[in-house]
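This report refers to the structure that appears directly beneath it.
Each reported figure results from applying straightforward, stated rules to the coordinates on display, with no laboratory input. These numbers were taken from a predicted model, which means no experiment stands behind them. Glycine also receives a Cβ, built like all others from the backbone with ideal geometry; neighbour counts cover every protein chain displayed.
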Amino acid sequence: MKNQQEFIQNFASQFDETDASIFTIETRFKELDEWSSLISLAELNMIAKNYGVKLTPEEMKRSQTLQELYNLILSKKQQ
Amino acid sequence: MEQVFKNEKEIPYYEDTQKRNIGQKLKKIKNTLLGNMAYSCPVKKLRIIFHRWRGVHIGKEVYIGIHCFFDNLYPEYIYIFDNVSINADCMILVHFNPMKRFSPILPAHVSPVIINEGAIIAVRSTILPGVKIGKNAIVSAGSVVEKDVPDYTLVQGNPAKKVTEFKYLME
């Protein structure tokens, strides 16, 4: 659970204007106003840096909520 | 491609440039004509050839889009390394020579612009004098770059600000 909270914090830290407190594990991040392809790249880099998992932009597109993204990272890490 | 870059130097203010000798005038005419040919040439290889004739240092496998404007007076101060992609409508400036009355605040100078291997300059970006773009860096569309961009970094906006690094994704 702690790791999940850490992931949410890391994810939120890539956003400049969006308040970090609105991020929960159920947040549909693509519906946020600030979400863009550039933020997507920043998130991919954050995931590669902190979790050692290289996701593709397509995999990022398929994920809707932070929970889905987090599960994807865990499943990739186990491979 | 040569690794020794030209150093920043002072140049005459605008009023003094009106007293150019014939050699300097011919050089400017040559640069302008070749620059205009490269600007509107639909063949990408010819665009690179025209820019090389002007004196721009261009490496291998470089892409320069149509309607790019590279400095007319000092094109030899532009260094573009291998695998760089400069897309349409970009502008690279290396000199600044204001009117003499601005001399206390704005020194007239020319400084090299260096674009390192693999960088991408997206459409309608402007690179200002003295800027170094790092390896595999990305300058997003419409940015105005006034400071150096580190390697593997994406910048965007006017003035261009760092959005993210992506070194870990490319290793």
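Charged side chains reduced to their Cβ positions (Lys and Arg at +1, Asp and Glu at -1) give the stretch A:19-79 a dipole of some 400 debye around its Cα centre.
Positive end of the dipole of chain B (Cβ unit charges, origin at the Cα centre): among B:Asn136, B:Ile105, B:Leu34, the Cα lying farthest that way belongs to B:Leu34. If you wrap the protein assembly as shown in the convex hull of its Cα atoms and look at it from every side, the mean projected area works out to 17.0 nm². The antiparallel fraction among DSSP beta bridges confined to the protein assembly as shown stands at about 30%. Looking at chain B alone, DSSP beta bridges between its own residues are antiparallel in about 25 percent of cases. Taking a ≥ b ≥ c as the square roots of the Cα gyration tensor eigenvalues, with a/c under 1.5 meaning rounded and otherwise prolate when a/b beats b/c, else oblate, which class fits chain B? Note, shape of chain B comes out oblate. Using Cβ point charges alone (K and R +1, D and E -1), the dipole size of the stretch B:101-171 about the Cα centre works out to roughly 260 debye.
Against the main long axis of the alpha-carbon atoms of chain B, helix B:22-40 sits at an angle near 30°.
Principal-axis analysis of the Cα atoms of chain A puts helix A:37-51 at an angle of about 40° to the longest axis. By the helix-only formula, in which each DSSP H run with n ≥ 4 contributes -39500 (n - 2.57) and the sum is divided by residues, chain B has a 222 nm mean residue ellipticity of -6500 deg cm²/dmol.
By other beta-carbon atoms within 10 Å, ranking B:Val43, B:Val123 with the fewest at the front produces B:Val43, B:Val123. Given +1 at the Cβ of Lys and Arg, -1 at the Cβ of Asp and Glu and no other charges, the dipole of the stretch B:19-110 around its Cα centre is 540 debye to the nearest 20. Using only the Cα atoms of the stretch A:1-67, build the gyration tensor, take square roots of its eigenvalues as a ≥ b ≥ c, and label the shape rounded, prolate or oblate: rounded if a/c is under 1.5, else prolate if a/b is larger than b/c, else oblate. Because its axes are fairly even, with a/c under 1.5, the stretch A:1-67 counts as rounded.
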